[in-house]
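Only one structure is covered here, and it is reproduced in the block below.
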Amino acid sequence: MIRLPLFFLLLAGVTLHAASSKPNFLIILADDLGYSDLGCYGSEIATPNLDRLAANGLRFTQFYNTARCWPTRSVLMTGHYAQQIGMDPQYGKFPAWVRTLPQRLATLGYRSYHSGKWHVGNTPRVVADAGFTHSYHVVHQDNHFSPKTHELDDVKQPPPDGPWNSSIAIADHAIDFLKEHAQQHARTPFFTYLAFTAPHFPIQALPEDISKYKDTYLNGWPTTRAARFERQKKLGLISTTLSDPEPKITAPSGKESDLEILGPGETRHAVPWESLSEEQKQFQATKQAIHAAMIDRLDQEVGRVLAQLKAMNAFEDTLILFLSDNGASAEVMVRGLGHDKAAPMGAAASYLCLGPGGSTVSNTPFRRHKIWVHEGGISTPFIAHWPQGIAAKGELRHTPGHVIDVVPTLLALAGAGAEPSALWRAQPQDAPLFPGRSLVPAFAKDETISRDFLFWHHSGNRALREGDWKIVSAADNGDAWELYNLSNDRAESNNLAAKEPERLKAMAERWERLEKEFVAQAGPKPEGKKKGKKK
């Protein structure tokens, strides 16, 4: 077979994998980004590149993650609930039957690239253990201006010799991998996993990005939240009321003594805005401006990666999926290099968190935050864009979806089959089938993907969804089950547990059965193994 040089392929307008009918894949994962944090999901933050993907593709209105960093990432890379594979809690090793997405795609002719956060502790070496062709791994994420540890193809790298920003560096390496692919493997399909560490705490951003939002949030949390809610309704994203803030709850991480380090402007509670002092209002508004700046910068870097796809003539036949690993975080803590109160807020020497007030805004219109499995902790924007495969432009998809669906979707398009079946079993053959479903039918039209349930369990917080019904319990509320009809109450404001006791009982019993089944599939927990680091 005659292989034309890349130059001639580009002149001819031929896609990079012209000899193959298989699309490329790009998964873009944000870190601690809330449901309403993109312009196309109601935000005032400038996200033109992601908004453009949405305008020329699809937005899912009911897509879910697992409420925390490492469970979501492990699900994305395996297609199984984190409880099935020893990742929530972390066992330190996958069951023998697990295969990662890059390993599966390799058998279908793909090369895979990773840039950014990893946090799948059961496969610590991204290339050697998880099967990526190339990886730039930001191992520690306690500073967005200086990586404590970063690795290239599993090899520790020296500290950067110049200015460094996490989002810029992550995009740089993804672009480098794509350029190499275009030069050396132009006829081979690829999978790129672009895993940003933003806007995860510490909230740190470039001064020029922060300055755009300096005065944006001075009117307070309720004003910003109400404006986002109104935009969401106009966009058709939601059909629910706006949940009430919960000023009494605090995130289960961090401690009161951190407030002494952070100063009088900080609070661990989403208290009424009017109860804050002027100093606190300015402090909280500035934190939101930094959070917004991080998302703005993330979008700018997404734009550079998309430009590379266009330059290598791969944009039209690349399925791009965007999502967040969990809801925005209410955590307030100091760790890493500590916090210097004399440093400008958002600078490298500062260590600040968005906190519960800002998180309540980011998770509009839902209840609670990262770690909890109420809707605020598990709901994510989900954008799907693929010019050659998705004809719809700017449409919404209302089917519930979950990160368990990503692997089946990509494998279906890569040629493995249309539905979870024996074709997708890992070896040995008695391994469990994927719990997720292919989203491909929803790419064509707004239809509900058939499934029996969706399951959550993290840090003692539990939930199960069947159709429009959801049971949920919080570890900080005595583990009592609540029941909600999500068809009109995703705000989870009208607890129907007392009115529907039989439904509640049946769903709770199913949750218990599933928990036992999933934990058994993970195999015995290694002796003395503790949960992984909290991120």
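Here's the yes/no breakdown for (1) without any contact (Cβ under 8 Å) to a residue 12 or more places away in the chain; (2) aliphatic (A, V, I, L, M):
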{"position": "LEU178", "(1), (2)": "no, yes"}
{"position": "THR188", "(1), (2)": "no, no"}
{"position": "PHE191", "(1), (2)": "no, no"}
{"position": "LYS233", "(1), (2)": "yes, no"}
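I'd like to verify a number: residues in segment 84-99 that are under 20 Å from the mean Cα position of the chain (by Cα) and at pLDDT below 95, how many?
Initial filter on segment 84-99 (under 20 Å from the mean Cα position of the chain (by Cα)): 84-90.
Of the ones still in play, those that are also at pLDDT below 95 are 89-90.
Matching residues across segment 84-99 total 2.
Taking VAL120 as meeting all but one of (1) touching a residue at least 60 places away in the same chain (Cβ under 8 Å); (2) buried (at least 23 other Cβ atoms within 10 Å of the Cβ), write down the number of the exception.
The number of the failed condition is (1).
Would you check which residues across segment 238-269 are closer than 16 Å to ALA342 by Cα and either hydroxyl-bearing (Ser, Thr, Tyr) or open to solvent by 60 Å² or more (accessible area, probe 1.4 Å) (or both) and list them?
GLU260, ILE261, PRO264
If I filter segment 92-114 for residues that are surrounded by fewer than 22 Cβ atoms within 10 Å (Cβ to Cβ), of a type in the set (A, V, I, L, M), over 26 Å from ILE378 (Cα atoms) and touching a strand residue (DSSP E or B) at 6+ places or on another chain (Cβ under 9 Å), do I get at least one hit?
The answer is yes, given that some residue of segment 92-114 is surrounded by fewer than 22 Cβ atoms within 10 Å (Cβ to Cβ), of a type in the set (A, V, I, L, M), over 26 Å from ILE378 (Cα atoms) and touching a strand residue (DSSP E or B) at 6+ places or on another chain (Cβ under 9 Å).
Rundown of residues vs (1) open to solvent by less than 50 Å² (accessible area, probe 1.4 Å); (2) more than 30 Å from SER362 (Cβ to Cβ), yes/no style:
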| position | (1), (2) |
| --- | --- |
| VAL155 | no, yes |
| ILE175 | yes, no |
| HIS181 | yes, yes |
| THR197 | yes, no |
| LYS212 | no, no |
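Let me spell it out: the conditions are (1) open to solvent by 80 Å² or more (accessible area, probe 1.4 Å); (2) assigned to a loop (DSSP other than H, G, I, E, B); (3) modelled with pLDDT of 95 or more, and GLU517 meets all of them except one. Which number is the exception?
(2)
Select the strands (runs of 3 or more DSSP E) contained entirely in segment 316-411, then report the ones holding at least 3 residues which are under 19 Å from the mean Cα position of the chain (by Cα).
318-324, 379-385
Could you look through segment 387-436, keep only residues that are among the charged types (D, E, K, R) and modelled with pLDDT under 80, and pick out the one that is most open to solvent (accessible area, probe 1.4 Å)? Outline the logic, then answer.
Initial filter on segment 387-436 (among the charged types (D, E, K, R)): 393, 395, 397, 405, 419, 425, 430.
Remaining after also requiring modelled with pLDDT under 80: 419, 425, 430.
Details: GLU419: 92, ARG425: 72, ASP430: 130 Å².
Only one residue fits best here, namely ASP430.
Could you please let me know if TYR217 is in contact (Cβ under 8 Å) with a residue 60 or more places away in the chain, outside any loop (DSSP other than H, G, I, E, B), of a type in the set (Ser, Thr, Tyr) and touching a Gly at 6+ places or on another chain (Cβ under 9 Å)?
For TYR217, the condition - in contact (Cβ under 8 Å) with a residue 60 or more places away in the chain, outside any loop (DSSP other than H, G, I, E, B), of a type in the set (Ser, Thr, Tyr) and touching a Gly at 6+ places or on another chain (Cβ under 9 Å) - is not met.
Of the residues in segment 321-364, how many are among the small types (Gly, Ala, Ser) and either closer than 29 Å to LEU53 by Cα or open to solvent by less than 10 Å² (accessible area, probe 1.4 Å) (or both)?
Selection size over segment 321-364: 12.
Can you tell me which residues in segment 464-486 are open to solvent by 40 Å² or more (accessible area, probe 1.4 Å), out of contact with any helix residue (DSSP H, G or I) (no Cβ under 6 Å at 6 or more places or on another chain) and free of Cβ contacts under 8 Å to residues at least 40 places away in the same chain?
Across segment 464-486, the qualifying residues are GLY467, ASP468, TRP469, ASN477, GLY478, ASP479, ALA480.
ASP51 is checked against (1) part of a helix (DSSP H, G or I); (2) of a type in the set (Asp, Glu); (3) buried (at least 23 other Cβ atoms within 10 Å of the Cβ) and fails just one. What number does that condition carry?
(3)
Output the qualifying pairs, or none if there are none: Cβ atoms under 6 angstrom, residues six or more apart or on different chains, first residue in segment 434-463 and farther than 14 Å from GLN62 by Cβ, second residue open to solvent by less than 10 Å² (accessible area, probe 1.4 Å) and among the basic types (Lys, Arg).
From residues that are farther than 14 Å from GLN62 by Cβ, the pairs are HIS458/ARG68.
If ILE295 meets every condition in (1) free of Cβ contacts under 8 Å to residues at least 24 places away in the same chain; (2) in a helix (DSSP H, G or I) apart from one, which number is that one?
(1)
With farther than 24 Å from ILE404 by Cβ and surrounded by 13 or more Cβ atoms within 10 Å (Cβ to Cβ) as the only criterion, which of ALA498, ALA491, ALA508, ALA522 stands out?
ALA491
The values are calculated or read from the model by the stated rules, or taken from the named source; none is laboratory data. Owing to the predicted nature of the structure, the values given are computational and were not obtained by experimental measurement. Quick reminder, even Gly has a Cβ in these numbers, built from the backbone with ideal geometry, and neighbours come from all protein chains shown. Only protein heavy atoms, including side chains, enter the accessible area calculation; ligands, DNA and RNA are left aside. Shrake-Rupley method; radii C 1.70, N 1.55, O 1.52, S 1.80 Å.
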